[in-house]
1. If we only count helices (runs of 4 or more DSSP H) wholly inside region 87-187, which ones have 1 or more residues that are more than 23 Å from Glu47 (Cβ to Cβ) and in contact with a strand residue (DSSP E or B) (Cβ under 9 Å, 6 or more places away or on another chain)?
2. How about region 61-86: which of its residues are part of a loop (DSSP other than H, G, I, E, B) and not acidic (Asp, Glu)?
3. Among the residues of region 45-66, are any among the hydrophobic types (A, V, I, L, M, F, W, C) and within 13 Å of the ligand (Cβ to nearest atom)?
4. Restricted to region 93-113, and to residues that are closer than 22 Å to Gln150 by Cα and without any contact (Cβ under 8 Å) to a residue 60 or more places away in the chain, which residue is farthest from the ligand (Cβ to nearest atom)?
5. Quick one: Arg164 ticks every box in (1) within 14 Å of the ligand (Cβ to nearest atom); (2) surrounded by 23 or more Cβ atoms within 10 Å (Cβ to Cβ) bar one, so which box is it?
6. Would you pick out the residues in region 199-215 that are outside any helix (DSSP H, G or I) and surrounded by fewer than 21 Cβ atoms within 10 Å (Cβ to Cβ)?
7. Output the residue which, of all residues in region 118-133 that are out of contact with any Gly (no Cβ under 8 Å at 6 or more places or on another chain) and of a type in the set (Lys, Arg), is surrounded by the most Cβ atoms within 10 Å (Cβ to Cβ).
8. What residue, of Ser136, Ser115, is of a type in the set (Gly, Ala, Ser), surrounded by fewer than 17 Cβ atoms within 10 Å (Cβ to Cβ) and within 20 Å of Cys63 (Cβ to Cβ)?
Amino acid sequence: MNVTTEKKQLLKALGIEYWHKPEVNVPADELAAPVTTQTPVDALSIEQLRERVAHCERCELHCSRTQTVFGVGALDADVMFVGEAPGQQEDLKGEPFVGPAGQLLDKMLASIELSRQTVFIANVLKCRPPFNRDPSAEEVALCTAYLDRQIGFIKPKLIVALGRIAAHYLLQTTTSLANLRGTVHTYHATGTPLLVTYHPAYLLRTPADKRKAYQDLLQIKSMITQDD
Ligand code: URA
């Protein structure tokens, strides 16, 4: 066993997830408080959160995933888009919305002069449910501390829920998507303004609703530009 492996095992036994060799300029409070598996999610930095998510075994989805899908985009984004859960291609690539629904999402963003580099895109679940089934209530309950922390860290000015699963979690409601569209809601944990629109996968199946989705996009655009 080499020294590094031995050290890692010792740290693991102490409940320490990872340990950065202290640099001269590391703040004293970081030295005093190493990140452990017990550190609450809402106290993690974004990089610590990424690491926590990557090793998450909170629910059974960790057994079937290829990798976790953390999210992509600007950490200081004004707008955050929240989808449901990774699909097959996202599970393989480790990035949200890279399959056919993602290509449509890219076009939706471009139609209002946004891109996956200027917004932040995340999902309710960080792991793919097998056969792309809906997330279970238990999976949502176990996973959403990660999404809550992402939102808390990024502090977007606007959140856009893509589809029913994201809308229902973020608003803590079971109201139909049709009734949620067109109104400015607030995210239950922080009061951040929130709009609801169709999930791009739904729009691929129901292209007649793309017109309504475009109305939602214009509302997003108008809310972001009002803020400037
Ligand atoms: N559908 C989602 O909700 N999220 C993805 O990342 C891909 C497809």
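Throughout, read-outs are computed from the coordinates displayed, never taken from laboratory work. Keep in mind it's a predicted model, so treat the numbers as computed, not measured. Virtual Cβ from ideal backbone geometry, glycine too; neighbours counted across all protein chains shown.
1. In region 87-187, the matching helices (runs of 4 or more DSSP H) lie at 100-111, 164-171, 177-180.
2. Listed by number, the residues that qualify are Arg65, Thr66, Gln67, Thr68, Val69, Phe70, Gly71, Ala74, Leu75, Ala77, Ala85, Pro86.
3. There is no residue in region 45-66 that is among the hydrophobic types (A, V, I, L, M, F, W, C) and within 13 Å of the ligand (Cβ to nearest atom).
4. Within region 93-113, the match that is farthest from the ligand (Cβ to nearest atom) is Leu109.
5. Answer for Arg164: the failing condition is (2).
6. Once the filter is applied, which keeps residues that are outside any helix (DSSP H, G or I) and surrounded by fewer than 21 Cβ atoms within 10 Å (Cβ to Cβ), region 199-215 yields only Thr206.
7. Here the answer is Lys126.
8. Within the list Ser136, Ser115, the selection yields Ser136.
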